[in-house]
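**Q** What follows is a structure written as structure tokens; I'll ask about it next.
Derivation of every value follows stated rules applied to the coordinates shown; laboratory data play no part. Every value quoted in this text rests on a predicted model; they were computed, and no experiment measured them. In this analysis, Cβ positions are derived from the backbone assuming ideal geometry, glycine residues included, and neighbour counts consider all displayed protein chains.
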Amino acid sequence: MEPYSSDMKPFQKRSRLEIIQDILKVIRDSNNIISPTKLQRLSNLSYQMFEEYLGELESKGMVELKQYKGKRNVYALTPKGKQFLDKYEDFISFLREFGI
Amino acid sequence: MTAGLFNATLSEEFLNQVSEGVAVVSLFDIIFSLLLLALMVGLALQIFRETSKIYSFMEYEGLRYFKNTFLFYGLANFFLFLLILMFLLAKSSTKESLYLLGISMIPLFLLAGVCFWFAKVNLLSSISWKMVEGTLGKRFHKFLYFIFLMFLTLMDTLVYILISLLLGEYYAFGYKAFIFVFILLLIRSNMRSGGETKPITNPYYLGLILLFTLSFLGNISMLHEGKSAELISYAFDLLTLIAYVIILKGIRKWSRILLT
């Protein structure tokens with residue numbers, strides 16, 4: 001699996017919303033179960049940034065940290081996270097139409 | 001006894017001044033302004049309510065500033081509505097109504113001014129957020145950024161006043177036009193960001209541009225005097241209403257799409 005946002009130009013900085021979308025997409029595309037290490041690598045973030053974003057997503061109830069087979073910690077999308085991802089494209093169009 | 005007489009004379013003088021001020025404004029103007037302001041309050045608060053629903057789902061910081069803009073516009077127009085209502089009451093020329101107008105005029109005017117200031121800062125924050133969001137992670141940094149924009153908006157007003165006093169109104173208008181072009185460029189860059197290449201089918205951003213034009217170039221009526229200034233002021237109010245209607249229409253459409 002390739003790191004996300006591969007459709008972007010080289011050296012183009014991702015916006016906060018794009019990073020959130022990428023993290024959620026990685027989780028969804030990994031059958032909704034992914035280890036923190038793999039998630040960090042595939043979402044193309046430094047450890048510090050990854051901690052920051054995942055903390056925020058957890059506090060907003062978009063992702064949850066679960067136990068997989070009683071041993072490992074894995075991240076999974078919550079229904080709110082799935083809904084956010086479904087509506088993301090629409091939300092970007094909404095922001096563009098208003099110029100914000 | 002002397003103090004009592006002095007107070008009575010002062011109070012009498014005060015009431016006479018207020019009464020003269022009220023006499024200058026026609027009843028038609030007062031009722032027309034009341035209607036316009038009531039509409040503006042209603043529309044601004046409706047935009048705030050609808051945007052709050054979208055914000056509670058997406059929690060995008062730029063949208064938070066956008067919704068707060070309309071809360072402050074709603075409040076500012078509400079304070080102006082109260083002020084004009086006091087004028088209407090004072091038309092009855094009773095001592096109590098004149099006194100009420102006299103004592104509430106300055107506080108209501110100040111409250112409206114502060115709310116307009118906050119609305120402007122929030123509007124500016126909403127369009128500039130995309131540009132700075134990557135660098136402002138901590139809550140304290142966001143707060144500092146907001147304070148910076150408050151200062152910038154205040155400075156903009158002060159610079160405008162200074163230029164108009166030292167160089168004249170037309171130079172001041174040129175300065176405002178320069179600021180306006182800068183704001184247009186910011187809005188344009190937001191419309192192009194997000195990696196989207198699809199054309200924009202519904203130009204709701206026109207409502208935002210209209211609002212910016214009115215709040216940042218709002219002093220154009222000062223270039224004229226008398227009836228033409230009054231007409232320009234009414235035209236500005238009507239354009240503000242149009243901007244609110246455009247934005248509300250867009251927000252309603254998008255809240256249906258995003259929240260179902």
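**Q** Obtain the radius of gyration and the Kirkwood radius of the stretch B:2-258 from its C-alpha atoms and give Rg over Rh. Intermediate values should be presented prior to the final figure.
**A** Values: Rg = 21.1 Å, Rh = 20.5 Å.
Looking at the stretch B:2-258, the ratio lands at 1.03.
**Q** What are the ³J(HN,Hα) couplings of the stretch B:42-52, residue after residue, when phi is run through the Karplus curve with 6.51, -1.76, 1.60 and θ = phi - 60°? Round to Hz, x for glycine and proline.
**A** x, 5, 4, 6, 5, 4, 4, 5, 5, 5, 4
**Q** Can I ask one more? Order these by the 10 Å Cβ neighbour count, fewest first: A:S46, B:S11. Don't jump to the answer; show the numbers that get you there.
**A** Values: A:S46 9, B:S11 13.
Going from least to most buried by this count: A:S46, B:S11.
**Q** Can you pull the mean other chain C-beta count within 10 Å for peptide B:206-215? Walk me through the numbers before you get to the answer.
**A** Values: counts 3, 2, 4, 1, 0, 0, 1, 0, 0, 0.
Averaged over the peptide's residues, the number is 1.
**Q** If each of B:L259 and B:H141 carries a label point 7 Å out from its Cα toward its Cβ, how far apart are those two points in nm?
**A** Distance between the two pseudo-spin positions: 3.2 nm.
**Q** A further question on this structure: Applying the Karplus parametrisation 6.51 cos²θ - 1.76 cosθ + 1.60 with θ = phi - 60° to the phi angles of the stretch A:55-68, what ³J(HN,Hα) value in whole Hz is obtained for each residue in order, glycine and proline being reported as x?
**A** For the stretch A:55-68, the Karplus-derived couplings read x, 5, 5, 5, 5, 8, x, 9, 10, 9, 9, 10, 8, 9 Hz, x marking Gly and Pro.
**Q** Any chance you could give the angle, 0 to 90 degrees and rounded to 10, that helix B:227-258 forms with the longest Cα principal axis of chain B?
**A** 40 degrees
**Q** Please give every one of the aspartates and glutamates within straight-line cross-link reach of B:K138, meaning a C-alpha to C-alpha distance under 19 Å, and leave out same-chain neighbours fewer than 8 residues apart.
**A** A:E18, A:E51, A:E52, A:E56, A:E58, B:E59, B:E61
**Q** Here's a follow-up. How large is ³J(HN,Hα) for each residue in the stretch A:80-90, as worked out from phi by the Karplus curve 6.51 cos²θ - 1.76 cosθ + 1.60 (θ = phi - 60°), to whole Hz, x for Gly and Pro?
**A** 5, x, 5, 5, 4, 5, 4, 9, 4, 4, 4
**Q** Rounded, prolate or oblate: which one fits the stretch B:56-185, using the alpha carbon gyration tensor with axes a ≥ b ≥ c (rounded when a/c is under 1.5, else prolate when a/b beats b/c, else oblate)? Mind dumping the intermediate values first?
**A** Values: a/c = 2.85, a/b = 1.50, b/c = 1.90.
Judged from the Cα gyration tensor, the stretch B:56-185 comes out oblate (a/c at least 1.5, b/c at or above a/b).
**Q** Going through the cross-link list A:K80/B:K120; A:K82/B:K253; A:K60/B:K142; A:K87/B:K130; A:K80/B:K130; B:K53/B:K176, which pairs have a Cα-Cα distance over 28 Å in this structure? All intermediate terms of the calculation are to be shown ahead of the outcome.
**A** On the way: A:K80/B:K120 33 Å; A:K82/B:K253 22 Å; A:K60/B:K142 19 Å; A:K87/B:K130 19 Å; A:K80/B:K130 23 Å; B:K53/B:K176 34 Å.
Too far apart for the 28 Å limit: A:K80/B:K120; B:K53/B:K176.
**Q** Taking the Cα centre of chain B as origin, work out the dipole magnitude from +1 charges on Lys and Arg Cβ and -1 charges on Asp and Glu Cβ, in debye rounded to 20. Don't jump to the answer; show the numbers that get you there.
**A** Working: 20 positive and 15 negative charges, 287 e Å.
Computed about the Cα centre, the dipole is about 1380 debye.
**Q** Mind ranking B:108-114, B:127-133 by how tightly packed they are, going by the mean number of other C-beta atoms within 10 angstrom, highest first?
**A** On the way: B:108-114: 15.3, B:127-133: 19.6.
In decreasing order of mean packing, B:108-114, B:127-133 become B:127-133, B:108-114.
**Q** Then there's this: Give the lysines reachable from A:K69 as a straight Cα distance under 20 Å; neighbours fewer than 8 places away on the same chain don't count.
**A** A:K38
**Q** Any chance you could check the Cα centroid distance between the stretch B:10-72 and the stretch A:79-99 for me, in angstrom?
**A** With the stretch B:10-72 and the stretch A:79-99 each reduced to a Cα centre, they are spaced 31 Å.
**Q** Continuing with this model, one more query. How tilted is helix B:95-132 with respect to the longest principal axis of chain B? Cα atoms for both, answer in degrees (0 to 90, nearest 10).
**A** Its long axis makes an angle of about 10 degrees.
**Q** Would you order A:R41, A:R96 from fewest to most other beta-carbon atoms within 10 Å of each residue's own beta-carbon?
**A** Fewest-to-most ranking of A:R41, A:R96: A:R41, A:R96.
**Q** For helix B:61-90, what angle does its Cα long axis make with the longest principal axis of chain B, in degrees from 0 to 90 and rounded to 10?
**A** The helix B:61-90 is inclined about 20 degrees to chain B.
**Q** Please give the Cα centre distance for the stretch B:164-179 versus the stretch A:24-54, rounded to the nearest Å.
**A** 52 Å
**Q** Just name one of B:Y234, B:G62, B:L154: the one whose Cα is farthest towards the positive end of the charge dipole of the protein assembly as shown (beta-carbon charges, Lys/Arg +1, Asp/Glu -1).
**A** Value computed over the given set: B:G62.
**Q** Only Cα pairs under 8 Å and at least 6 apart count here; give the relative contact order of chain B as a rounded whole percent. Kindly include the intermediate steps, with their values, before the conclusion.
**A** Details: 229 pairs, mean separation 57.2, N = 260.
RCO, chain B: 22 percent.
**Q** Over all residues in B:51-60, what is the mean tally of Cβ atoms on other chains that come within 10 Å of each residue's Cβ? Please list the in-between numbers first.
**A** Values: counts 1, 0, 0, 3, 0, 0, 5, 10, 5, 7.
Average per residue, whole number: 3.
**Q** Per-residue Cβ counts within 10 Å, from other chains only, averaged over B:68-80: what number is that?
**A** Details: counts 0, 1, 0, 0, 0, 0, 0, 0, 0, 0, 0, 0, 0.
Mean shielding count: 0.
**Q** Using only alpha carbons, build the gyration tensor for the protein assembly as shown and give me the equivalent ellipsoid semi-axes, biggest first, whole Å. Don't jump to the answer; show the numbers that get you there.
**A** Numbers: eigenvalues 499, 97, 72 Å².
Ellipsoid half-lengths, sorted descending, are 50, 22, 19 Å.
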